[in-house]
Structures are given as structure tokens and as C-alpha cells.
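The values are calculated or read from the model by the stated rules, or taken from the named source; none is laboratory data. All figures in this text were calculated on a predicted structure; none of them were measured in a lab. Here the Cβ positions follow ideal geometry from the backbone for every residue, glycine too, while neighbour counts run over all protein chains shown. Surface accessibility is based on the protein's heavy atoms, side chains included, excluding ligands, DNA and RNA. Shrake-Rupley method; radii C 1.70, N 1.55, O 1.52, S 1.80 Å.
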Amino acid sequence: RSKGAGRDCYTFFAIEMQLEVLKEQKVEKELNTALLNNELCLYYQPLLKSDTKALIGAEVLIRWQHPERGLVPPFEFIPIAEKTGLISRVDDWVLLQAAQQLRSWLDMGISIPSLSVNISAHRLNQRDFAEYVHKVIRQTGIPPQTLCIEITEENMITNLENVRNTLNLLRQYGVKVALDDFGTGYSSLSYLKELPVDKLKIDRSFVMDMHQDPQDRAIIRTIIELGHGLGLWVNAEGVENEVQIRMLRELGVDEFQGFFFSRPLPLAEFAEHYLISHESSPA
Ligand code: C2E
Ligand code: MG
Ligand code: MG
Ligand code: MG
């Protein structure tokens, strides 16, 4: 009897797994179509200088305008795209799109210091990535330093040598590199030692409770000191209230990003609030 129950349990589990695989296959197929049909779009979240609150750039964040499901957030398809390898095409599309946007702003006489693009570990580990970035820069003619590549610590350990070569090339071109979600990976410190980066982004999980948790504050203080000690620019993600702002300023963080200032915005809204009317808006 218990054997039977065990088998039922096993069968149930197997069916669950099968459903999961089917769902992933469905999303993969749809995502393929989405790439062809222009269903993917970019949102822009401002990055602000901590002392003046001046705009110093934006992080580009992908969304999927699904014909039936509406606006799909990245956590619902990026992990699947990573699993299937489709992420490389997604990342390349985002990068090109961001560069073309920078180009058209330049052509319109609108200046934005930089755009940051998230690149998956999967894409970063492919040998032709740096070459692709170079091609995009040449094709669009954007100043390379207006492009920042955000990478995360996860999954890089297997090919550290490879990644280091790629990052060295990117920096030779003049492209900036940021270490995203800093402090959540397993070997943050060794990555910092091994990888040439320009910016650290303190993970949102530390910022979230910092106004009520001294331990989070201690971690943030240490990350900032570490970053500055290495000559890096330090960003705090997930800034949602004024107490965090005051504390982060006191700790010397260089750059703010978070819902307190703005959620990620569609292109038109971002341009309207931060690029076109920016000059005339009160400080
Ligand atoms: P991330 O690169 O760490 O991006 C920051 C995420 O934090 C964004 O979520 C943003 O909306 C969110 N965020 C910013 N400020 C706040 C805040 O004050 N409070 C809260 N609760 N959240 C805040 P989003 O857009 O859902 O993106 C999630 C993740 O998906 C990104 O994390 C990144 O890892 C990935 N992702 C997004 N776009 C792309 C892309 O184009 N390519 C790749 N490979 N990954 C992407
Ligand atoms: Mg990011
Ligand atoms: Mg992050
Ligand atoms: Mg992340």
C-alpha cells in the first residue's frame, strides 16, 4: 500500500516535471516569435547622482508585450531564455536597441550620459560577445563610454578566464562594466579581484531594510568602502524612501536607483520626464 502511494507520488511529481518542461517549451517558442514580431520592449529606469540628483544615465530593463498576457516582467521569461540559450539573442537585441536609442538621442541633440544594459552570464561567456559589442558601437557610432554592461556574479565561475578576457576587451573599447546585485553571489571578493569593472551595484536586498537593520547598514558601509578603495563607482539599487537616501548619502554612495525616484518607464515617459523637460524642471 505504501509502495502504491509512493508510486502515485512519484507519478504526480513526474507529471509536474513534464508540465514544467512543456511550459518552458511553450514560452521558448513564443519568445522566438516575440523576437521576430517585435513584442519585446525596453523600459528605462533613471540613475541619479547621489549629491545633486542629476541624471547620470538609465538602466534598460526588458519587458515582453505579450499579445494575450499583456506586459510580462523579465522574471517570467529571462530564466527560461537562459535555460534554452535563447537569451543570447535576447541580450543582443537589447544591446543593439539601446545603442540605436542612444544614437537617435544624439541625432536629436538630446544628451544622456549613459545607458546600462544587462547581459546574462550565458552570453558573456560566449567568445564572440566582445566582438558583437564592438560591431554595435561601430554601426551606431555611439561614444563607447555611454554604454555600460551590467553583469552578475552567478554562473561565471566556470569560465572566469573567458569572462576576464571579454571584459578586458570591452574596456579597451571604452565600454563601462558594472557588477550587478553585488553581495549576493558566492565569491564576490574573488570576482572583484579577478575582473576589471568600473561600478558596483549594491544588491537591493541590503538596501531594502537598511533603515531598520544595522547589519544591512554594516554590509553596505563595507561594500562602499571596498568599492571606493578599489576606485569604483558605487550604485545603490532599490531606494524606496528618504531614510535610505539620507543613510546612503552619509555612507558615501555615488548613485541612486529606485522606486523613490522612479519606476522603470516606457521610452516616451522616460524621455518626457528626464530628457526633454529635464533642463527646465526645478532641482
Ligand atoms: P536587475 O538588473 O538587478 O534590475 C533591477 C531590478 O530591480 C528591476 O526589475 C527594477 O525594476 C527593480 N527595481 C528597481 N528599483 C526598485 C525599487 O526601488 N524597489 C523594487 N522592489 N524593485 C526595484 P525588473 O525590471 O523586473 O528586472 C529584474 C531582473 O531581470 C533584472 O535585475 C535583470 O537581472 C533581469 N533583466 C531585466 N532586463 C534584462 C535584459 O534586458 N537582459 C537580461 N539578460 N536580463 C534582464
Ligand atoms: Mg541590472
Ligand atoms: Mg540588480
Ligand atoms: Mg538581478
Selection from region 154-181 of residues that are open to solvent by 10 Å² or more (accessible area, probe 1.4 Å), part of a loop (DSSP other than H, G, I, E, B) and within 16 Å of ligand 1 (Cβ to nearest atom): Glu154, Asn155
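From Tyr274, Tyr191, grab the single residue that is open to solvent by 20 Å² or more (accessible area, probe 1.4 Å) and aromatic (Phe, Trp, Tyr). Before the answer, list the steps.
Values: Tyr191 fails: open to solvent by 20 Å² or more (accessible area, probe 1.4 Å).
Being open to solvent by 20 Å² or more (accessible area, probe 1.4 Å) and aromatic (Phe, Trp, Tyr) holds for just one of Tyr274, Tyr191, which is Tyr274.
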Applying the selection to region 189-215, what residues are within 15 Å of ligand 1 (Cβ to nearest atom) and not in a loop (DSSP other than H, G, I, E, B)? Lys199, Leu200, Lys201, Ile202, Arg204, Ser205, Phe206, Val207, Met208
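Looking only at region 206-224, how many residues end up being free of Cβ contacts under 8 Å to residues at least 24 places away in the same chain and out of contact with any helix residue (DSSP H, G or I) (no Cβ under 7 Å at 6 or more places or on another chain)?
Number satisfying all stated conditions: 6.
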Output for region 117-146, where each listed residue is away from ligand 2 (no atom under 14 Å from the Cβ) and either touching a Cys at 6+ places or on another chain (Cβ under 9 Å) or not in a helix (DSSP H, G or I) (or both): Asn125, Gln126, Arg127, Asp128, Gly141, Ile142, Pro143
Return the residue satisfying two criteria in turn: it lies in region 98-121 and is within 15 Å of Phe270 (Cβ to Cβ) and among the hydroxyl-bearing types (Ser, Thr, Tyr), and of such residues it is most open to solvent (accessible area, probe 1.4 Å). Ser111
Looking only at region 138-153, and only at residues there that are surrounded by 20 or more Cβ atoms within 10 Å (Cβ to Cβ) and more than 16 Å from ligand 3 (Cβ to nearest atom), the one that is nearest to Leu106 (Cα to Cα): Ile142
